[in-house]
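K.L.:
One structure follows; several queries about it will come next.
The values are calculated or read from the model by the stated rules, or taken from the named source; none is laboratory data. Here the structure is a predicted model, which means the values were calculated and not measured. Cβ coordinates were reconstructed from backbone atoms using ideal geometry, including for glycine residues, and neighbour counts include every protein chain displayed. To get the accessible areas, we keep the full protein, side chains included, count just its heavy atoms, and leave off ligands, DNA and RNA. Shrake-Rupley method; radii C 1.70, N 1.55, O 1.52, S 1.80 Å.
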Amino acid sequence: MFHHIWAALLYLYGILLNSIYQCPEHNQLTTEGMDGKEFPEPHLGQWYFIAGAAPTKEELATFDPVDNIVFNMAVGSTPMQLQLRATIRTKNGLCVPRKWIYHLSDGSTDLRTEGRPDMKTKLFSSACPGGIMLKETGQGYQRFLLYNRSPHPPEKCVEEFQSLTSCLDFKAFLLTPRNQDACELSSN
C-alpha cells in the first residue's frame, strides 16, 4: 500500500514539475493556402543562417569553418518541390556554392532532401521578426537552425533561440560570426 501511495506522489510531483518548467511552444509552420503547386510566399526568397543548436558539438561541426551562409529558396520545377541555393563564406574567405532540392510532404511543411533519404527537415515559426527555425534530423544527428531575412537580427532573437533550444536539451550552440561580406548567390 505504501509503495502505491509513494508512486502516486512521485507521479504527481513529476506532473507539477513538468508544468512549471515546460519549454515554450514553438509552432510548426502551417501550409495554409498550399495548392500543391507553390510554397507559401512568405518563406521564399533570401535567408541568412544565424545560429545552430544541437545535443552535441559534433552535430554542429559542419558549420565550424563557416563565417556566413546566404540561402535562396524558390519554387521548384515540379509541384511540391523547392530549390534551395546557398553560398557559404568560409572563415578563410572562400565562397562555396551549394544546391539542394527539397520535396514537400503533402499537407505539411516537412521537407525531404533529394538524394538524402535519411534527412528530414521541419519548419517552425520564430518569435523573431523575419525569422524562421528549421529542425534537421538525419542519421546520427539532429539540430535546430535559425535563419533570418537580415544578416544581423536583433540580439534578442538569438537569445530566445538559444533559450528555447537549451530548454529542449540542445546544449551545444553555434553562432555564425558574419564578420565578412556574404558571397553573391549564383543564378544557376
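K.L.:
Quick one: count up the residues across the range 117-141 that are open to solvent by 70 Å² or more (accessible area, probe 1.4 Å) and under 17 Å from Met80 (Cα atoms). Step through it out loud before you land on a result.
P.N.:
Step one: of the range 117-141, the residues open to solvent by 70 Å² or more (accessible area, probe 1.4 Å) are 117, 127, 129, 139-140.
Still in the list and also under 17 Å from Met80 (Cα atoms): 117.
Number of matching residues: 1.
K.L.:
Can you name the number of the only condition in (1) open to solvent by 20 Å² or more (accessible area, probe 1.4 Å); (2) more than 24 Å from Asp181 (Cα to Cα) that Gly93 fails?
P.N.:
Condition not satisfied by Gly93: (2).
K.L.:
What single numbered condition from (1) farther than 19 Å from Gly45 by Cβ; (2) in contact with a Cys (Cβ under 7 Å, 6 or more places away or on another chain) fails to hold for Thr87?
P.N.:
All conditions are met except number (1).
K.L.:
Which members of the range 124-171 meet the condition of being under 18 Å from Asp64 (Cα atoms) and of a type in the set (S, T, N, Q)?
P.N.:
Gln142, Gln162
K.L.:
Does the range 144-155 hold any residues that are closer than 10 Å to Pro129 by Cβ and not in a loop (DSSP other than H, G, I, E, B), and which are they?
P.N.:
Asn148
K.L.:
Oh, and also: All but one of (1) modelled with pLDDT of 95 or more; (2) touching a Lys or Arg at 6+ places or on another chain (Cβ under 9 Å) hold for Leu146; which doesn't?
P.N.:
(2)
K.L.:
Would you call Thr113 exposed (fewer than 13 other Cβ atoms within 10 Å of the Cβ), over 18 Å from Tyr48 (Cα atoms), of a type in the set (Val, Ile, Thr) and without any contact (Cβ under 8 Å) to a residue 60 or more places away in the chain?
P.N.:
Criteria not met by Thr113.
K.L.:
Going residue by residue through the range 104-111, is there one that turns out to be within 26 Å of Cys183 (Cα to Cα) and assigned to a strand (DSSP E or B)?
P.N.:
Within the range 104-111 (the criterion being within 26 Å of Cys183 (Cα to Cα) and assigned to a strand (DSSP E or B)), the answer is yes, since at least one residue qualifies.
K.L.:
Which pairs do you get when a residue that is over 22 Å from Ala86 (Cα atoms), found in the range 159-188, comes within reach of a residue that is among the β-branched types (Val, Ile, Thr) and assigned to a loop (DSSP other than H, G, I, E, B), reach meaning Cβ atoms under 9 angstrom, with the pair 6+ apart or on two chains?
P.N.:
Lys171/Thr56; Ala172/Thr56
K.L.:
Ok, one more. Which of the residues that make up the range 155-173 are surrounded by fewer than 14 Cβ atoms within 10 Å (Cβ to Cβ) and at negative phi? Walk me through it before giving the result.
P.N.:
Applying the first criterion (surrounded by fewer than 14 Cβ atoms within 10 Å (Cβ to Cβ)) to the range 155-173 yields 155-156, 159, 163, 167, 169, 171.
Scanning the range 155-173 gives Glu155, Lys156, Glu159, Ser163, Cys167, Lys171.
K.L.:
May I ask you to list the residues in the range 116-138 that are in a strand (DSSP E or B) and among the hydrophobic types (A, V, I, L, M, F, W, C)?
P.N.:
Listed by number, the residues that qualify are Met119, Leu123, Phe124, Ile132, Met133, Leu134.
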